[in-house]
Amino acid sequence: MMRTFFLLSILLFTSLSSFSQSRVKQSVLDDLKNKYEYGKSLLKQQKYPQAQQVFQPLTIEKPGNSYQIYASYFYALAAFKSGEFTKAENTLQQILQQHPSWPHQEEVKFLLGAVRFKTGKPDLAIQTLNLVKGKGFQESIVNLKKQELQSFTVDQVHYLYKTFQKDQVIAKILLDKIYRLPSKGSYGEVFQELYYQFHSNGGPLDDLELKKSVYKDEYHVAVLMPFLNETTNPRSLARNNQFVYDTYEGIKLACQWLQKDSINIKLHAIDTKHDSQQTQKILEDTAMQYMDLIIGPLYANTFPLVSEFSKKHSKVMVNPFSSNSVFTNHNPNAFLSLPSLETQARKVSDFVFDTLNNHTAYIIFGGTDNEKLMAYTYMENFKAKGGTVQVYEQFDYTSNGFGNLIRDFRKIQNHSRDTAFTSHVFVSVTEPVAASNVISALQELQVKVPVFVPKEWFEFPQISYDQLEQSNVHIFFPEYKKYHSNTTKHFTNQYLEKVQVLPSNFAFSGFETMYYFGKMMKKHGTSFGQAIYFEAPEEGMIYTGFSYEGKNDNQVVPVFKFENGQLIMVNNPLQAQR
């Protein structure tokens with residue numbers, strides 16, 4: 001045990017000859033010596049309660065008792081070993097206060113630090129241990145901190161880190177604990193900060209349980225999807241799961257592009273058949289353990305199996321087109337190519353509050369779980385930043401719906417000019433009926449405040465682009481494609497030539513996912529999943545880009561609006577969040 005070194009150092013060098021003699025009867029001195037030696041022998045035999053009883057009378061200062069300080073230390077040690085931590089703490093504090101010049105003060109402080117961990121005072125424990133400067137103690141101090149802090153929650157370690165920011169042991173334990181979180185959540189920024197602190201200039205990350213990267217000439221990628229066919233030929237008859245084949249064709253084309261940059265990808269198209277038993281058989285095949293990346297699966301009945309495999313074997317898995325955060329829950333190796341619904345709401349809220357300085361929200365939402373989730377996340381984040389929510393209401397699909405919107409939006413008019421100027425509307429609605437009612441209500445009242453809506457509004461034929469511009473509608477659209485870029489045109493032409501149809505959204509998603517994660521494998525090796533957390537924001541080939549900021553879903557949420565008939569991006573989603 002780490003504390004044995006200090007115990008033995010005292011046991012070996014504290015014989016009777018080291019104590020000054022006093023003018024006391026020899027029989028008394030002999031009795032004191034015998035008790036002291038007996039107490040030490042009990043300690044060596046790990047009979048701590050008995051040793052405690054023997055040392056207790058020797059802790060009292062009286063004529064001839066040259067053992068008092070040593071006995072007090074050993075009494076405290078025996079009490080500590082017996083689980084009587086309060087007695088141990090009180091005794092050690094007395095030694096420090098009453099005998100400040102005792103040469104074994106550092107042993108006392110070390111033991112006191114260990115005791116204070118046990119009495120629920122970790123901040124005092126660390127403060128005490130940091131007072132121990134002797135080089136011979138440092139390794140044991142590090143081991144003690146690691147031993148005690150490993151059982152702490154990430155919140156508890158983070159609290160200590162804020163108090164002792166220069167303590168490298170605490171910082172590294174915090175980094176390790178955040179890394180193991182299923183979702184980094186609010187710890188994303190501190191995770192990045194700590195990673196760069198240790199990683200820059202070859203910092204000491206060795207004792208974190210982060211897997212070492214292996215760089216390969218060729219990386220293996222398993223595409224786990226329900227092909228439901230014996231062939232992956234895109235020209236075979238149309239299928240209900242055509243989107244799977246579109247995705248796979250996009251992935252294959254990305255591999256061709258990557259190969260031109262000397263990034264070699266070996267694809268393995270594996271048919272899950274939309275069946276959990278079939279998926280389990282696939283995962284039991286030892287070949288799966290040699291995969292470097294898993295794209296998929298797509299459905300809830302197969303996802304838990306693959307996620308557990310991914311977590312157990314440290315295999316990165318990515319869903320190319322879902323915004324459901326459940327795909328990243330409880331698995332630090334699971335990623336989304338797109339932002340989750342919660343991330344979209346938070347990023348828009350941040351932009352509105354921080355960049356537009358708009359601090360008053362009117363929130364309308366639909367009846368689906370996703371619409372409610374996005375609205376609730378927006379409200380919570382906006383209020384946490386100090387914003388005010390004047391309206392938080394579900395759209396009424398009865399005949400009262402339009403009237404309720406008029407009532408809610410009229411509140412904007414009734415506020416002062418300054419308040420109205422800093423108001424906005426967030427509409428978490430993804431179907432055209434409610435969307436049309438919102439636009440009509442805004443136009444009838446001639447309300448010109450910014451309105452923020454999800455991507456689905458681009459697809460509603462009932463609402464023209466002119467109406468979107470006139471109503472000051474801003475659309476957040478993670479999958480927005482740069483149609484006019486040369487890269488997008490080149491991809492579209494190649495896809496059309498190969499498949500004989502224009503690429504679908506799924507083809508674009510498959511391409512963008514494979515291209516980005518393929519580059520990350522080449523750059524960071526087999527442990528690229530760890531590095532993605534800290535990778536600088538990167539522009540996408542077709543979509544806006546990728547940035548994970550310590551999270552498991554893409555944090556890039558572009559916001560657009562029409563201006564003079566042209567669609568423009570109004571935020572800067574690729575700006576580094578460090």
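Only the coordinates and a few stated rules stand behind these numbers; no lab work does. For clarity, every value in this text was computed on a predicted model and none was experimentally measured. Heads up, the Cβs are rebuilt from the backbone with ideal geometry, glycines too, and the neighbour counts pull from every protein chain shown.
Using the Cα gyration tensor of segment 341-476, with a ≥ b ≥ c the square roots of its eigenvalues, what is the shape: rounded (a/c below 1.5), prolate (a/b larger than b/c) or oblate (neither)? Show your work: numbers first, answer last.
Working: a/c = 1.37, a/b = 1.13, b/c = 1.21.
Rounded.
What is the extension gain from Phe458 to Thr368, computed as 0.36 nm multiplied by their sequence separation minus the C-alpha to C-alpha distance, in nm to one decimal?
On the way: separation 90, 0.36 × 90 = 32.40 nm, distance 1.91 nm.
Gain in length upon complete extension: 30.5 nm.
In the structure displayed, which of Lys121/Lys146; Lys166/Lys311; Lys162/Lys519; Lys312/Lys522 lie more than 25 Å apart, Cα to Cα? It would help to have the intermediate numbers written out before the result.
On the way: Lys121/Lys146 16 Å; Lys166/Lys311 32 Å; Lys162/Lys519 36 Å; Lys312/Lys522 23 Å.
Checking Cα-Cα distances, Lys166/Lys311; Lys162/Lys519 exceed 25 Å.
Treating only the Cβ atoms of Lys and Arg (+1) and Asp and Glu (-1) as charged, compute the dipole magnitude of segment 341-476 about its Cα centre; round to the nearest 20 debye.
With Lys and Arg at +1 and Asp and Glu at -1, about 440 debye.
At 0.36 nm per residue, and after removing the present C-alpha to C-alpha distance, how many nm does the segment from Leu445 to Gln277 gain when stretched out fully?
Working: separation 168, 0.36 × 168 = 60.48 nm, distance 5.72 nm.
Additional length available on full extension: 54.8 nm.
Below 8 Å, C-alpha to C-alpha, sequence gap of six or more: please give me the relative contact order for the chain in percent.
On the way: 906 pairs, mean separation 70.2, N = 578.
Over the chain, the number comes to 12 percent.
Once you charge only the Cβ atoms, +1 for Lys and Arg and -1 for Asp and Glu, what is the size of the charge dipole of the chain about its Cα centre, to the nearest 20 debye? Provide the component values of the computation, followed by the final result.
On the way: 59 positive and 56 negative charges, 472 e Å.
Here the size comes out at about 2260 debye.
Mind checking the full-extension length gain between His313 and Glu538? Use 0.36 nm per residue of separation minus the Cα-Cα distance, one decimal, nm.
On the way: separation 225, 0.36 × 225 = 81.00 nm, distance 2.78 nm.
Net length gain for the segment: 78.2 nm.
Quantify how much of the Cα-Cα distance distribution of segment 433-502 extends past 15 Å, in percent.
Working: 1502 of 2415 pairs.
Taking all Cα-Cα pairs of segment 433-502, the fraction more than 15 Å apart is 62 percent.
Treating the angle as unsigned and between 0 and 90°, give the value, to the nearest 10°, between the Cα long axis of helix 26-44 and the longest Cα principal axis of the chain.
Approximately 30 degrees, to the nearest ten.
As a test of the formula, what do you get for the chain when each DSSP H run with n ≥ 4 contributes -39,500 (n - 2.57) and the sum is divided by the residue count, at 222 nm and rounded to the nearest 500 deg cm²/dmol?
-15500 deg cm²/dmol
Hey, fewest Cβ within 10 Å first, where do Arg407, Arg180, Arg346 land in order? Please list the in-between numbers first.
On the way: Arg407 13, Arg180 10, Arg346 22.
Fewest to most other Cβ atoms nearby, the residues stand as Arg180, Arg407, Arg346.
Rank-order 516-527, 100-111 by packing density, defined as the average count of other C-beta atoms within 10 Å over each peptide's residues, highest first. Could you put the intermediate results ahead of the total?
Values: 516-527: 19.8, 100-111: 17.0.
Descending mean neighbour count gives 516-527, 100-111.
Apply the Debye scattering formula to the chain, with a single equal point scatterer on each alpha-carbon and no solvent, then give log10 I(q)/I(0) at q = 0.07, 0.08, 0.09 Å⁻¹.
Log10 I(q)/I(0), no solvent term: -0.60, -0.71, -0.82.
Quick check: net charge around Pro432, other residues with Cβ under 13 Å of its Cβ, Lys/Arg +1 and Asp/Glu -1?
Here the charged neighbours net out to -3.
Can you grab the distance from the C-alpha centre of segment 419-490 to the C-alpha centre of segment 343-375, Å, no decimals?
13
Give the residues of segment 296-336 whose amide nitrogen is closer than 18 Å to a point set 7 Å from the Cα of Asn240 in the direction of its Cβ.
Counting backbone N atoms under 18 Å from the label point, the list is 298-302.
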